[in-house]
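Presented below is the structure to which this report refers.
Coordinate-derived values only; no laboratory data. Please read all numbers here as calculations on a predicted model, not as lab measurements. Virtual Cβ from ideal backbone geometry, glycine too; neighbours counted across all protein chains shown.
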């Protein structure tokens, strides 16, 4: 079962219930080497439903940059649902968490 590291709206049980029809299992973890910033989402539909300002992590490679969040357990189908949910400013990449587990995370889309 894939892991998805969430530092934002996907940690919210109400969002999980709406998107996946259930609350996800997960555990606290951290994302080392990434700094968390606030961005304005251009996707009007997403912004209307979730607000225009959202957190986004950017890779820095700096050991002092660590983003707290949750490692959530999803099915492959739920991961595809999460992909469709996230606005265009984000892309999903595979990374290693502080716990040593590999997880997907939504980060700044490569330009």
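Side notes on the structure shown:
- P(r) tail fraction, the chain - alpha-carbon pairs more than 16 Å apart, %: 56 percent
- As a size descriptor, the averaged projected area of the C-alpha convex hull of region 1-45 was calculated at 4.6 nm².
- Peptides ranked, highest mean first, by Cβ atoms within 10 Å: ranges 72-78, 31-37, 11-17: 31-37, 72-78, 11-17
- The chain: relative contact order as a whole-number percent, Cα under 8 Å and 6+ apart: 36 percent
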